[in-house]
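Right, one structure below, let's go through it.
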Amino acid sequence: MKITAIKTQVVNAQLRNWIFVRVETDQPGLYGLGEATLEFQTRAVAGAIEDLALLIVGEDPRNIEHLWQVMFRHPFFKGGIVTMSALSGIDQALYDLKAKDLGIPLWQLIGGQARTRLRMYDHLGGGSSDSVYNSAAADSFRVKAAQSKADGFSAVKILAVGKTAPLDGLKALKEAEDLMAAAREGAGDDMDIMVDLHGRTTAAMAIEYARVLAPYRPFFIEEPCQPEDWQGTARVAQSTHIPIAAGERLVHRHEFLPLLQAGGIAVAQPDVCHAGGITETRRIAALCDTFGVTMAPHNPLGPIATMVNIHLGFATPNFLIQEVMRADVPWRDEIVTGVTPIIDGYVSPSMAPGIGVEIDFAAAEKHPFKEVRPIQWYQHDGSVADW
């Protein structure tokens, strides 16, 4: 069996463009699907997929580890976020292809079931961009948290910290506390609430936010510092009893190692579309397990990524909970079919071969690539802020 082509399909999903990857073979009807979605730089990722294709077209797609090493090592310069996202999408497609060839679901190929059901967590408003990024009002948080609970979820993520200065005052802290209090009121005491700081804060300011959020018992605080500041993240972890989560912008197990050695995180959040696909995410999970750290993979992306994460969760012993954006666009289920339904906040293992999904390419073409500018924030003095 040989790889004959690697193709991309870009679908605009408002806040971001989904990048779907298709690995084709010389076996009639046998192909694999993956996702390489990056929040920005869509054309760069699509181009990187073309570049990596030059290295593996003509090879046997079943030799996944060998092909991963070729794509990672043979370009000489190891990949950053663009190249690793491209590699990740191809890697997922290779696993899909191999599992289809064997006639088994992906979770079976990567180790079998480690659990019988998988816990999912919601975003306010189901993950619509307006609800997540543009509804920072207590009434909105209260109502939307209650709706997630009514929809069967036992956990929800919120962005209670808005644009914040490196050192901010009482007003910013009070606003974050009010949003967290409203979410807790809507969710009740029996629902877990994660708070995403989105890398917006310095370590010093994250410690201040943790103090005002702590009485409302967050399940974890996510990405308190920028990804390169692992020392700052560790300082935050040492200052609070709230578990710290991070890792969505890290692209290799070597980048997780300093965080783990410093005791900086209780929860690891690699993104299977950025961190080297299934191959490297499994290595990250094993590394984290060595340090007693659990897995809650990052996933605000498309439906293929969601299903890949679900399969990984079923086969990963130290899995905790899975993020999903279920309402980012109303036509999500028209593009990709086969995504496992969420029932009472959990999913069951898919029994379909491979990842278990199919793309309706005709429906996808109704939502072609569009320029998507990243959100741009500035401080009150005009200096650049992280969003």
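The values are calculated or read from the model by the stated rules, or taken from the named source; none is laboratory data. Small disclaimer: the values here were computed from a predicted structure and weren't measured. Here the Cβ positions follow ideal geometry from the backbone for every residue, glycine too, while neighbour counts run over all protein chains shown.
Taking the stretch 27-64 on its own, how many of its residues are surrounded by 15 or more Cβ atoms within 10 Å (Cβ to Cβ), in contact with a strand residue (DSSP E or B) (Cβ under 9 Å, 6 or more places away or on another chain) and among the small types (Gly, Ala, Ser)?
5
Does the stretch 135-142 contain any residue that is assigned by TED's automatic domain parsing to the domain that holds Met180, crowded, with 20+ Cβ neighbours inside 10 Å and either of a type in the set (Gly, Ala, Ser) or under 24 Å from Trp377 (Cβ atoms) (or both)?
Yes, the stretch 135-142 contains at least one residue that is assigned by TED's automatic domain parsing to the domain that holds Met180, crowded, with 20+ Cβ neighbours inside 10 Å and either of a type in the set (Gly, Ala, Ser) or under 24 Å from Trp377 (Cβ atoms) (or both).
So that you can scan it fast, the table gives a plain yes or no per residue for (1) in a loop (DSSP other than H, G, I, E, B); (2) more than 19 Å from His123 (Cβ to Cβ); (3) modelled with pLDDT of 95 or more:
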residue	(1), (2), (3)
Leu257	no, yes, yes
Glu280	no, yes, yes
Cys288	no, yes, yes
Pro300	yes, no, no
Ile310	no, no, yes
Gly313	no, no, yes
Pro317	yes, yes, yes
Met325	yes, no, no
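So in the stretch 1-48, with the set limited to residues that are over 17 Å from the mean Cα position of the chain (by Cα) and of a type in the set (Asp, Glu), which one is farthest from Ile278 (Cα to Cα)?
That would be Asp26.
Of all residues in the stretch 1-26, how many are surrounded by fewer than 20 Cβ atoms within 10 Å (Cβ to Cβ), among the hydrophobic types (A, V, I, L, M, F, W, C) and not in a strand (DSSP E or B)?
2
List the pairs whose first member sits in the stretch 340-365 and is under 20 Å from Gln92 (Cα atoms) and in contact (Cβ under 8 Å) with a residue 12 or more places away in the chain, whose second member is among the acidic types (Asp, Glu) and part of a helix (DSSP H, G or I), and whose Cβ atoms are under 8 Å apart, counting only residues at least 6 apart or on separate chains?
Gly354/Asp96; Ile355/Asp96; Asp360/Glu334
Quick check on the stretch 259-308: of everything there that is charged (D, E, K, R) and touching a helix residue (DSSP H, G or I) at 6+ places or on another chain (Cβ under 9 Å), which residue is nearest to Thr340 (Cα to Cα)?
Asp271
Would you be able to say whether some residue in the stretch 178-193 is under 15 Å from Val267 (Cβ atoms), in contact with a strand residue (DSSP E or B) (Cβ under 7 Å, 6 or more places away or on another chain) and either of a type outside the set (A, V, I, L, M, F, W, C) or not assigned by TED's automatic domain parsing to the domain that holds Ile81 (or both)?
Yes: one or more hits.
Which of the residues spanning the stretch 27-50 are part of a strand (DSSP E or B) and of a type in the set (Gly, Ala, Ser)?
Gly32, Gly34
Could you list, in sequence order, the residues of the stretch 160-175 that are surrounded by 22 or more Cβ atoms within 10 Å (Cβ to Cβ) and of a type in the set (A, V, I, L, M, F, W, C)?
If the condition is that a residue be surrounded by 22 or more Cβ atoms within 10 Å (Cβ to Cβ) and of a type in the set (A, V, I, L, M, F, W, C), then Ala160, Val161 are the ones that fit.
Residues to consider are Ile221, Ile242, Ile207; find the one that is of a type outside the set (D, E, K, R) and over 24 Å from the mean Cα position of the chain (by Cα).
Ile207
Restricting to the stretch 65-81, what's the tally of residues that are surrounded by fewer than 19 Cβ atoms within 10 Å (Cβ to Cβ), in a helix (DSSP H, G or I) and in contact with a helix residue (DSSP H, G or I) (Cβ under 8 Å, 6 or more places away or on another chain)?
Within the stretch 65-81, residues that are surrounded by fewer than 19 Cβ atoms within 10 Å (Cβ to Cβ), in a helix (DSSP H, G or I) and in contact with a helix residue (DSSP H, G or I) (Cβ under 8 Å, 6 or more places away or on another chain) number 2.
Could you identify the single residue in Glu228, Glu208, Glu248, Glu223 that is at positive phi and charged (D, E, K, R)?
After applying the criteria, what remains is Glu223.
Determine, yes or no, whether Leu312 is touching a helix residue (DSSP H, G or I) at 6+ places or on another chain (Cβ under 8 Å), touching a residue at least 40 places away in the same chain (Cβ under 8 Å), closer than 27 Å to Met191 by Cβ and outside the structural domain of Val11 (by TED's automatic domain parsing).
yes
Scan the stretch 334-350 for residues that are loosely packed, with under 12 Cβ neighbours inside 10 Å and either outside the structural domain of Met205 (by TED's automatic domain parsing) or not in a loop (DSSP other than H, G, I, E, B) (or both) and jot them down.
Ile343
List, please: which pairs have Cβ atoms under 7 Å, are six or more places apart or on different chains, and start with a residue in the stretch 70-88 that is more than 25 Å from Trp18 (Cβ to Cβ) and end with one that is in a helix (DSSP H, G or I) and at pLDDT 95 or above?
Listed pairs, sorted by first residue: Val70/Leu55; Val70/Ile56; His74/Leu55; Lys78/Phe72.
When the residues of the stretch 359-376 are narrowed to those that are surrounded by 14 or more Cβ atoms within 10 Å (Cβ to Cβ) and touching a strand residue (DSSP E or B) at 6+ places or on another chain (Cβ under 7 Å), which ends up farthest from Leu167 (Cα to Cα)?
Looking at residues that are surrounded by 14 or more Cβ atoms within 10 Å (Cβ to Cβ) and touching a strand residue (DSSP E or B) at 6+ places or on another chain (Cβ under 7 Å), I get Ile359.
Would you tally the residues in the stretch 51-69 being of a type outside the set (Phe, Trp, Tyr) and in contact (Cβ under 8 Å) with a residue 40 or more places away in the chain?
11
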